[in-house]
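The structure follows.
The values are calculated or read from the model by the stated rules, or taken from the named source; none is laboratory data. Note that this is a predicted model, so its numbers are computed, not measured. Here Cβ is always computed from backbone atoms with ideal geometry, including for glycine, and neighbour counts include all displayed protein chains.
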Amino acid sequence: MSKIANEDELVKKALQIGAVYAKKRAYGAFEQQDPIKLKVEFVYRVLVEDKLIQPLAKDQISDPNMRHKLALWISRQLPPDHPLLSESN
């Protein structure tokens with residue numbers, strides 16, 4: 001699994017969009033002061049629960065792998081001309 005371009009920024013965007021999605025689906029919300037690892041896991045589990053992303057194998061569940069999954073998910077949701085999808089950032 002190689003890191004994709006702008007992965008950190010894509011994860012931030014995925015957390016923003018995922019938080020709104022989770023709230024609309026009545027899963028709850030995370031607090032601003034919650035650690036980033038908790039936010040990543042929360043959004044990852046919400047998306048897996050709703051079958052929007054394929055879950056990682058049990059032995060592959062880790063923060064970097066969940067971040068990568070979120071980055072891949074959001075990269076598919078954004079329009080092709082979105083600035084975060086360009087290689088030059």
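Report yes if residue 59 is of a type in the set (Asp, Glu), out of contact with any strand residue (DSSP E or B) (no Cβ under 6 Å at 6 or more places or on another chain) and either part of a loop (DSSP other than H, G, I, E, B) or surrounded by 19 or more Cβ atoms within 10 Å (Cβ to Cβ) (or both), otherwise no.
Here the answer is no, as residue 59 does not meet what is asked.
Looking only at the stretch 59-82, which residues are among the basic types (Lys, Arg) and modelled with pLDDT of 95 or more?
Matches in the stretch 59-82: 67, 69.
A further question follows. Considering only residues that are surrounded by 12 or more Cβ atoms within 10 Å (Cβ to Cβ) and assigned to a loop (DSSP other than H, G, I, E, B), which ones fall in the stretch 38-56?
50, 52, 53, 55, 56
Taking the criterion of being part of a helix (DSSP H, G or I), among the hydroxyl-bearing types (Ser, Thr, Tyr) and either at pLDDT below 95 or touching a Cys at 6+ places or on another chain (Cβ under 7 Å) (or both), would at least one residue in the stretch 27-37 satisfy it?
no
Determine which single condition residue 26 fails, assuming it passes every other condition in (1) surrounded by 15 or more Cβ atoms within 10 Å (Cβ to Cβ); (2) more than 11 Å from the chain's Cα centre (by Cα).
Of the numbered conditions (1) surrounded by 15 or more Cβ atoms within 10 Å (Cβ to Cβ); (2) more than 11 Å from the chain's Cα centre (by Cα), the odd one out for residue 26 is (1).
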